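Worksheet for the structure shown next.
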Amino acid sequence: MVTGIVTAGDADDEALSFSGPSSTANGSLTITDAGEFIYTPTASARHLAAAQDATAASTMDTFTITVQDLSGGTVSQTITVPVSPTNSAPSGGSVSGLSTDPSTGVVTGIVIGVTDSDGDVLSYNATASSTGGGAVKVDAATGAFTYTPTAEQRQTADGATTYTFAIIANDGHRGIVTVPVSVPVEPANNADPVSEDPTGGSGGGVTTYLDVAYGLLPAEKLDVYAPGRPSNAPVVLMVHGGGWAIGNKANPGLVNNKVDHFVSDGKIFVSINYPMLPTHKPDAQADAVAAAISYVQAHAADWGGDPDNLVVMGHSAGAHLVALVSARRDAFPYLRPWQGTVVLDVGALDLVARMQDNPTEVFRLAFGDDPEYWQQVSPLAALHQGSEPILIVCASRRTCNQAEAFAAVARSFGTRVQILPKDLTHEQVNTELGAVGQYTDEVDVFLVSVHQRGD
């Protein structure tokens with residue numbers, strides 16, 4: 001608000017009156033009989049005056065007051081007043097969706113939750129670089145960011161190394177809020193062989209790499225079983241089951257027969273853990289599986305493997321996760337193609353149908369009661385393009401029906417899908433793979449066909 005007074009005199013000593021507009025370009029005006037005026041800018045005008053690119057017309061206002069005597073004589077005075085700027089700075093803000101590509105170390109995320117009570121459009125930028133190096137790029141419109149560490153940072157990182165920088169949300173009216181960001185630095189390589197079993201494998205032994213970290217969470221570990229002296233060996237990556245809530249990469253029923261068989265056949269066998277319920281829902285588990293695949297693709301050569309000759313395999317809940325990652329491949333742009341996917345007896349390929357058909361408590365705990373979420377994490381619903389060849393092993397009417405439904409849609413996109421029904425229990429589909437017999441031979445035929453596909 002601006003106040004003032006217009007002074008005037010009259011040679012005839014006649015009484016004077018004062019008049020002017022009640023509203024102006026940027027506000028309102030009140031004039032008293034004594035020539036006093038009160039100018040009140042509008043809230044929007046004051047906010048506009050605070051803009052970083054405010055013009056002179058936005059920061060000032062002009063009006064004219066007319067003085068008149070009783071004889072009708074007049075004189076006018078034009079008055080210019082400042083428009084006092086005002087702005088409420090944005091507030092809040094947090095970091096969400098941090099994701100690390102294990103092969104490149106690139107971290108992506110987004111700043112969310114910044115609010116502006118004036119309704120200003122926010123723009124985002126960052127400090128020039130992180131504390132300690134690396135480069136930060138920010139999407140000015142969304143607050144999404146990409147952090148790329150230097151090679152030197154990755155070489156010296158120990159798995160707990162983090163670096164910080166700040167993202168600034170600007171409301172365009174000289175108001176900002178700073179959101180601190182702390183990102184992990186993915187080590188370039190953190191695994192050495194820890195044991196060698198001279199009794200097995202090709203080339204004189206089985207070299208084992210245990211608890212290799214492929215991500216930041218404690219559960220994001222993998223074990224590697226390699227022939228003694230491999231060179232460009234095919235790689236099989238295994239994802240365990242357990243109802244999305246239990247299970248372990250080192251369970252004897254999961255690894256024993258498979259390690260014996262695949263390693264003696266000159267392959268590298270990788271078994272992974274991943275975060276589970278109740279802290280991590282299946283969509284987050286799929287993200288972890290994708291991160292493990294990416295890590296194996298980046299580091300297979302370190303173990304004597306061929307990163308371009310990879311087959312991804314999963315049993316039960318693990319089969320659901322590998323099928324989901326395969327169907328949603330374009331959601332993980334950092335993944336390179338792999339040669340084939342093996343799905344071992346799972347009843348969650350058409351998850352929407354399964355959740356609508358008297359689901360068990362295991363399914364209810366994993367997927368809840370939101371049909372939109374069922375759709376999001378259903379491998380069948382996610383199918384929209386061709387992919388690598390898929391082998392589906394099924395051992396019950398329910399899982400075989402699911403396999404047929406999934407295969408029909410996948411084939412419509414040009415994917416080669418083979419269904420292998422077996423007279424086995426759900427557990428035996430997992431534990432008997434690798435044991436001498438027809439079942440293992442049939443899976444081997446598929447593996448040979450897809451491994452040759454990459455030659």
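Using only alpha carbon positions, build the gyration tensor of the stretch 23-158, then give the equivalent ellipsoid semi-axes as the square roots of 5 times its eigenvalues, largest first, whole angstrom.
57, 13, 9
Multiplying the sequence separation of Asp10 and Thr150 by 0.36 nm and subtracting their Cα-Cα distance, what value in nm do you get?
Roughly 42.3 nm would be gained on extension.
Whole Å is fine, so just give me how far the alpha carbon centre of the stretch 272-311 lies from that of the stretch 9-27.
80
For a footprinting-style exposure proxy, rank Asp350, Asp357 by other Cβ within 10 Å, fewest first.
Fewest to most other Cβ atoms nearby, the residues stand as Asp357, Asp350.
Here are a few candidate values for P(r) over Cα pairs in 10 Å bins from 0, in percent: (1) 4, 12, 15, 13, 12, 10, 8, 7, 6, 5, 4, 3, 2, 1, 1, 0, 0; (2) 4, 19, 28, 24, 14, 5, 3, 2, 1, 0, 0, 0; (3) 4, 17, 21, 17, 11, 7, 6, 6, 5, 3, 2, 1, 0. Which one was actually calculated from the structure I just gave you?
Entry (3).
Rank by packing, highest mean first: peptides 110-117, 142-149, with packing defined as the count of other Cβ atoms within 10 Å averaged across residues.
Highest to lowest by the protection proxy: 142-149, 110-117.
Using only Cα atoms, tell me the angle between helix 282-299 and the longest principal axis of the chain; keep it within 0 to 90° and round to the nearest 10.
70
Applying 1/(1 + (r/R0)^6) with R0 = 56 Å to the Cβ-Cβ distance of Thr42 and Arg336, what FRET efficiency is obtained, to the nearest 0.05?
0.45
Stretch Ser99-Asn248 to full length: gain in nm at 0.36 nm per residue minus the Cα-Cα span?
That works out to 51.3 nm of additional length.
Which peptide among 245-251, 402-408 comes first, and what is the full order, when sorted by highest mean count of other Cβ atoms within 10 Å?
So the order, starting with the most tightly packed, is 402-408, 245-251.
Can you tell me the order of 47-59, 383-395 when each peptide is scored by its average per-residue count of other Cβ atoms within 10 angstrom, highest first?
Highest-to-lowest ranking by the protection proxy: 383-395, 47-59.
Straight-line reach from Lys221: which lysines fall under 24 Å, measuring Cα to Cα and dropping same-chain residues less than 8 apart?
Here the lysines satisfying the reach criterion relative to Lys221 are Lys249, Lys258, Lys267, Lys281.
Could you work out the pair-distance distribution P(r) of the stretch 195-453 from its alpha-carbon pairs, with 10 angstrom bin width and percents rounded to whole numbers?
Per 10 Å bin, starting at zero, the Cα-Cα P(r) for the stretch 195-453 comes out as 8, 34, 39, 17, 3, 0 percent.
With r as the distance between the Cβ atoms of Ser28 and Thr161 and R0 = 56 Å, compute the FRET efficiency 1/(1 + (r/R0)^6) and round to 0.05.
0.40
Among Met276, Met238, which comes first, then next, by fewest other beta-carbon atoms within 10 Å?
Final ranking by Cβ density, sparse to dense: Met276, Met238.
What's the FRET efficiency of Gln52 with Gln356 using the Cβ-Cβ distance as r and R₀ = 60 Å, to the nearest 0.05?
Using R0 = 60 Å, I get an efficiency of 0.65.
Please give the calculated 222 nm ellipticity per residue for the chain, where each DSSP H segment of at least 4 residues contributes -39500 (n - 2.57) and the sum is spread over every residue; nearest 500 deg cm²/dmol?
Helix contribution divided over all residues of the chain: -7500 deg cm²/dmol.
Please compute the Kirkwood hydrodynamic radius over the stretch 251-316, one decimal place, Å, based on all pairs of different Cα atoms.
Hydrodynamic radius (Kirkwood, Cα only) of the stretch 251-316 equals 13.3 Å.
Among Lys137, Lys267, Lys221, what is the fewest-to-most ranking by other Cβ atoms within 10 Å?
So the residues, fewest neighbours to most, are Lys137, Lys221, Lys267.
Every number here is computed from the coordinates shown, using simple stated rules; none is lab data. A quick note: this is a predicted structure, and the numbers were derived from the prediction, not measured. FYI the Cβ positions are ideal-geometry reconstructions off the backbone, even for glycines, and counts take in every protein chain you see.
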